[in-house]
Amino acid sequence: MADFSHEGSVDSAVGAATQSASTQALSSVEPAQIESGLFSGESVLNILKLILAGAPLPDVLTIIARLVEAEGKGIFCTIWLLDEDGRYVRCATAPSLPGFAASWDRTPVGPTGACCGTAVYRKEPVYVTDILSDPLWDGYRHLVLPYGIRAVWAQPLLSNQGKALGTFSILYREARGPSSAELQMIENASHIVGIAIERHMKEKELRRSEAFLAEAQRLSLTGSFSWRIDTDEITFSEQLYRIFELDPDAPVTFQKIGSRVHLEDISLLSEKMDLARKNINDHGYGIRLRMPDGRVKYLRTKSYGIRHKDGRLEHIGAIQDVTEHRLAEEALSKLRAELTHMARVTTLGALTASIAHEVNQPLSGIVTNANTCLRMLAADPPNVEGARETARRTIRDGNRASDVISRLRALFSKKETTVESLDLNDAIREVIALSLSELQRNRVILRTEFANDLPFVAGDRVQIQQVVLNLLRNASDAMST
């Protein structure tokens with residue numbers, strides 16, 4: 001515990017609180033020990049230091065209240081804070097009135113809310129010189145008479161934007177109004193209390209925003225970072241530490257980042273870092289991490305550079321872990337390929353008769369040509385020239401059959417997409433050849449018009465043929481009735 005019995009004890013108390021923000025140390029300060037007032041330069045400075053240091057608001061308010069009480073003679077100070085819903089003010093501190101805050105927990109905000117609730121309602125001071133006769137106290141006298149209170153002066157606490165924050169009040173045990181000096185004291189004290197409350201509210205809102213941001217980053221698997229170009233100082237958010245699976249208690253270095261980046265992406269990262277050092281804002285790219293256990297993570301990075309007033313360049317960015325999305329895309333692509341293959345197999349079943357006819361024609365020609373060749377060779381004398389020509393026709397029909405089988409294998413095979421230079425007319429003629437028998441069986445007359453000198457295109461032959469085949473079948477089915 002700090003000793004406040006010596007001269008200048010108030011400033012010592014404030015200084016101790018600034019260092020430790022200890023509620024116990026502050027509550028030990030008794031009014032009798034306080035010999036200096038609120039408005040000495042050192043006291044005000046120490047109060048502001050205490051506020052900026054982020055000391056607990058009740059501690060700060062208690063110190064201010066005791067300093068105000070030391071400023072006057074026979075006065076009691078209370079400070080009230082407005083609830084978030086704006087319906088009540090609650091007593092935050094009454095250091096020289098033991099049990100007061102507990103016995104009078106809250107006052108409604110309104111035109112009959114004693115002094116504190118009414119001051120907030122009106123947003124102007126309310127000075128009651130004698131509570132025994134003032135109607136504002138008709139429902140509240142029993143709460144203060146046990147303490148011998150007769151006069152209450154309340155000043156609303158307002159933010160810089162004019163929003164009510166609470167009430168600062170002074171209580172007397174005699175019926176009286178405030179002097180001009182006391183009015184100035186109330187004004188000054190209210191200003192300092194308003195600073196403390198508004199600072200506390202902003203810090204609370206900041207912590208709330210930081211908590212929301214941290215939760216949003218966790219849910220979206222997105223982390224943020226900053227990189228100071230001049231010092232190479234890197235700051236990671238909590239979520240980014242999780243993504244890179246680094247120790248959050250250790251500083252981030254390029255060496256640690258490099259140990260996680262996939263070897264094949266090191267050159268890409270180096271290239272983007274060189275652009276960042278030149279403040280070229282083109283930093284949206286994908287990169288992979290390889291974790292120590294061999295797992296691969298896919299990341300998406302977006303950043304931009306800002307130039308500070310002193311000329312320093314800093315890059316701010318976000319990195320999202322898109323591994324699950326990437327793996328889902330790959331699975332979906334594989335599923336599409338499976339479905340496409342099943343569609344081709346289904347089409348194969350529907351075209352069985354047409355395909356059998358297409359293959360049977362060259363096979364029949366081969367058999368016929370072979371028999372003809374044998375008869376010519378068995379003649380006396382053998383017809384060698386005729387047999388030679390028949391053999392050529394046999395070879396031709398054999399190649400025809402082979403071509404049909406090759407086209408079928410290509411059209412209905414299960415393979416990855418292959419982009420090649422192809423002649424659309426030739427690709428479509430092959431599909432028509434496979435479908436012609438079925439079209440004829442369905443009494444469909446097919447008329448073709450092929451463009452001459454059509455340039456080659458880049459595409460997957462099988463997929464294009466599958467599209468044409470589906471179009472032919474759909475058109476045929478539509479005309480079946």
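The values are calculated or read from the model by the stated rules, or taken from the named source; none is laboratory data. Quick caveat: nothing in here was measured; it's all calculated off a predicted structure. Using ideal geometry, Cβ is built from the backbone for each residue, glycine included, and neighbour counts are taken over all protein chains shown. Heavy atoms of the whole protein, side chains included, go into the accessibility calculation; ligands, DNA and RNA do not. Shrake-Rupley method; radii C 1.70, N 1.55, O 1.52, S 1.80 Å.
Observations
- Positions within region 160-200 being surrounded by 14 or more Cβ atoms within 10 Å (Cβ to Cβ), out of contact with any Ser or Thr (no Cβ under 6 Å at 6 or more places or on another chain) and among the small types (Gly, Ala, Ser), in sequence order: ALA164, GLY166, ALA189, SER190, GLY194, ALA196
- When region 395-441 is filtered for residues that are at pLDDT below 80, in contact with a helix residue (DSSP H, G or I) (Cβ under 6 Å, 6 or more places away or on another chain) and not in a helix (DSSP H, G or I), only LYS414 remains.
- Applying a threshold of 9 Å to beta carbon distances and a minimum spacing of six or more residues, or different chains, the list of pairs starting in region 238-252 at a residue that is within 20 Å of GLY294 (Cβ to Cβ) and ending at one that is open to solvent by 30 Å² or more (accessible area, probe 1.4 Å) and in a loop (DSSP other than H, G, I, E, B) reads ARG242/LEU221; ARG242/PRO248; ILE243/LEU221; GLU245/PRO292.
- Residue check, ASN474 under 51 Å from the mean Cα position of the chain (by Cα) and touching a residue at least 60 places away in the same chain (Cβ under 8 Å): no
- Residue under evaluation ARG312, criteria (1) open to solvent by 80 Å² or more (accessible area, probe 1.4 Å); (2) farther than 17 Å from TYR241 by Cα, criterion not met: (1)
- Every pair of residues 6+ apart whose Cβ atoms lie under 7 Å, when the first sits in region 128-149 and is at negative phi and outside any loop (DSSP other than H, G, I, E, B) while the second is at pLDDT below 90 and among the small types (Gly, Ala, Ser): LEU143/SER103
- Among residues of region 327-345 that are of a type in the set (Lys, Arg), those with a Cβ under 6 angstrom from a residue that is assigned to a helix (DSSP H, G or I) and modelled with pLDDT under 70, sequence gap 6+ or separate chain, pair up as ARG344/PHE412.
- Just so you know, in region 274-309 the residues that are in a loop (DSSP other than H, G, I, E, B) and within 16 Å of TRP227 (Cα to Cα) include one that is modelled with the lowest pLDDT, and it is ASP282.
- Positions within region 219-264 being outside any loop (DSSP other than H, G, I, E, B), among the hydrophobic types (A, V, I, L, M, F, W, C) and in contact with a Ser or Thr (Cβ under 9 Å, 6 or more places away or on another chain), in sequence order: PHE225, TRP227, ILE234, PHE236, LEU240, ILE243, VAL252
- Filter result for the condition that a residue is farther than 30 Å from ILE287 by Cα, at pLDDT below 75, of a type in the set (Val, Ile, Thr) and assigned to a helix (DSSP H, G or I), over THR390, THR368, THR347, THR372: THR347
- Every residue from region 442-479 that is modelled with pLDDT of 85 or more, surrounded by 12 or more Cβ atoms within 10 Å (Cβ to Cβ) and in contact with a strand residue (DSSP E or B) (Cβ under 8 Å, 6 or more places away or on another chain): VAL457, GLY459
- A single member of ALA175, ALA164, ALA196 is of a type outside the set (S, T, N, Q), touching a residue at least 60 places away in the same chain (Cβ under 8 Å) and touching a strand residue (DSSP E or B) at 6+ places or on another chain (Cβ under 7 Å), and it is ALA164.
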